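Structure first, commentary second.
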Amino acid sequence: MVDEEKVKGPASYFPSIEKKYGFPVSHWFDLLNQHQDMKHMEMVAWLKSEHGIGHGHANALVGYFRKEKDI
């Protein structure tokens with residue numbers, strides 16, 4: 001039996017984000033890419049207010065995005 005490595009951290013939210021909001025995470029990263037001038041919590045607030053994303057999901061997307069972009 002092969003043990004699958006469980007996804008941890010912000011990426012662990014990605015399947016539920018895609019299911020709940022109907023877009024792949026790449027869609028949200030494309031949108032966040034247009035707002036790189038914002039701080040972390042500004043990005044979270046923007047996703048929540050403009051796109052109706054819950055706080056945990058928004059925070060996971062932003063955290064992962066900023067880490068990958070090194071910003």
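The values are calculated or read from the model by the stated rules, or taken from the named source; none is laboratory data. This is a predicted model, so every value here is computed, not measured. Glycine gets a Cβ as well: all are built from the backbone with ideal geometry, and neighbour counts include every protein chain shown.
Against the definition (loosely packed, with under 11 Cβ neighbours inside 10 Å and assigned to a helix (DSSP H, G or I)), how does residue 12 come out, yes or no?
Working: loosely packed, with under 11 Cβ neighbours inside 10 Å: no; assigned to a helix (DSSP H, G or I): yes.
Criteria not met by residue 12.
Let's see how each residue does on (1) without any contact (Cβ under 8 Å) to a residue 40 or more places away in the chain; (2) among the charged types (D, E, K, R); (3) assigned to a helix (DSSP H, G or I):
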residue: 26; (1), (2), (3): yes, no, yes
residue: 38; (1), (2), (3): yes, no, no
residue: 46; (1), (2), (3): yes, no, yes
residue: 57; (1), (2), (3): no, no, yes
residue: 65; (1), (2), (3): yes, no, yes
residue: 71; (1), (2), (3): yes, no, no
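Residue-by-condition table, conditions (1) surrounded by 14 or more Cβ atoms within 10 Å (Cβ to Cβ); (2) modelled with pLDDT under 95; (3) of a type outside the set (Gly, Ala, Ser):
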| residue | (1), (2), (3) |
| --- | --- |
| 21 | yes, no, yes |
| 31 | yes, no, yes |
| 34 | no, no, yes |
| 37 | no, no, yes |
| 44 | yes, no, yes |
| 49 | no, no, no |
| 55 | no, no, yes |
| 60 | yes, no, no |
| 63 | yes, no, no |
